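Throughout, read-outs are computed from the coordinates displayed, never taken from laboratory work. As the structure is a computational prediction, the values presented were derived from the model and not from experiment. We place every Cβ from the backbone using ideal geometry, glycine too, and count neighbours over all the protein chains shown.
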Amino acid sequence: MTPARDAIVATAGESIARGSKSFAAASRLFDRATRERAWLLYAWCRACDDLADGQDHGHAMATIADPAERLEAIRERTAAALEGRWVGDPAFDALRIVAAETTMPHGLVRDVVEGFALDAAGWAPATEADLIRYCYHVAGAVGCMMAVVMGIAPDDEERLDRACELGIAFQLANIARDIGEDAAAGRCYLPADWLADAGIARDVVMADRTALAGLAQRLTRRAGEYEARARLGAAALPFRSAWAVLAAAGIYGDIARRVEALGESAWDARVTVPAGAKLLWIVRAFGQAWSRKRRAADPNFATEIWSRPRQPKAKAHPKQAGAR
């Protein structure tokens, strides 16, 4: 018997509660329909990430012996979900539901899968532009998908750009926070030219924390620029969606700011945002969302080094009948 939508939504809600307290807190600010679809999308992203990295809800990354096989499993289950077939895995059936209920471009979904393909191939960035391209695949494209979930038209390129930039900001913060954890798993997402400038060898990236703190600062400051630019997109969102997005931007932005403030000790323990700080951002974001259309001044975005790939034009498919 195919699980009911409500059961899959409930499982997705459990997934976001276990995998990301920051996103879970912000998602509560959405209206019910948007919140449920955000949970469904998160569940698919989380399951793909866990399968690719051998994790449990983003925890305890392990060295993977069969990355190609895991990537193929992600591709096959994702393709089945996009074709509207029952997959039998709640996370991939979550994607099936959210894709059917929205005008989600399938190309965005495939772009996210290509991020997992980069990791499976042992890819590492040579330049900052390479790093941002990777961030697009694993997070920027997800930001675009979330924008569609919130009602932004798939051909509204400017609004999708802002959503993409928020995803990139989140991923840059993640990379800065997780340098030590990634190094332990044999990964390094710092660009090769940055490492060369700092005199750091990729295979012993944690050996010189003073130099490493400088590179982390480059990451966190770029994250701040992308966050500032992304906030402009809130003006186009309904109030509750803008509230949720701005709260998430503040909460996740605090991860980058805390990594920068900690300097060489940023990797002594996993950087988190305390519950009180999250609540404060929820309160702040309420005011920011209320005045969002008056605050849409373009910040000084230092450099434009990379552009999001445009999706091919296609007819928007009708939303599934009876979708909430």
Report task. Please state, as a whole number in µm²/s, the translational diffusion coefficient that the Stokes-Einstein equation yields for the stretch 181-294 at 20 °C and 1.002 mPa s, with Rh defined as the Kirkwood radius across alpha carbon pairs. Result -> 136
Report task. In debye, nearest 20, what is the charge dipole magnitude of the chain about its Cα centre with +1 on Lys and Arg Cβ and -1 on Asp and Glu Cβ, if you could check? Result -> 1560
Query raised in the report: In deg cm²/dmol, rounded to 500, what helix-only [θ] at 222 nm does the chain give when every DSSP H run of at least 4 residues adds -39500 (n - 2.57) and the total is split over its residues?
Result: -20000 deg cm²/dmol
Requested in this report: Kindly rank 181-189, 129-137 from highest to lowest mean number of other beta carbons found within 10 Å of each residue.
Outcome: 129-137, 181-189
Query raised in the report: Cα extents of the chain along the three principal axes, largest first, in whole Å?
Result: 58, 50, 38
Query raised in the report: What is the pair-distance distribution P(r) of the stretch 80-178, computed from all Cα-Cα distances in 5 Å bins starting at 0, with each bin given as a whole percent?
Result: 3, 13, 20, 23, 18, 14, 8, 2, 0
Report task. Find the Cα radius of gyration of the stretch 11-56, compare it with 2.2 N^0.38 Å by division, and give the number to two decimals. Result -> 1.11
Report task. Considering only Ala201, Ala230, Ala248, give the residue with the highest GNM mean-square fluctuation for the chain, with springs between Cα atoms whenever their separation is below 10 Å. Result -> Ala201
Report summary line: Residue ranges of DSSP H helices in the chain that stretch 15 Å or more (Cα, own long axis) and have mean Kyte-Doolittle hydropathy of at least -1.0 are 5-19, 32-53, 67-82, 90-101, 106-120, 157-177, 209-230, 239-262, 275-290
Query raised in the report: Under a point-charge model restricted to the Cβ atoms of Lys and Arg (+1) and Asp and Glu (-1), what is the dipole moment magnitude of the stretch 111-186 relative to its Cα centre, in debye to the nearest 20?
Result: 180
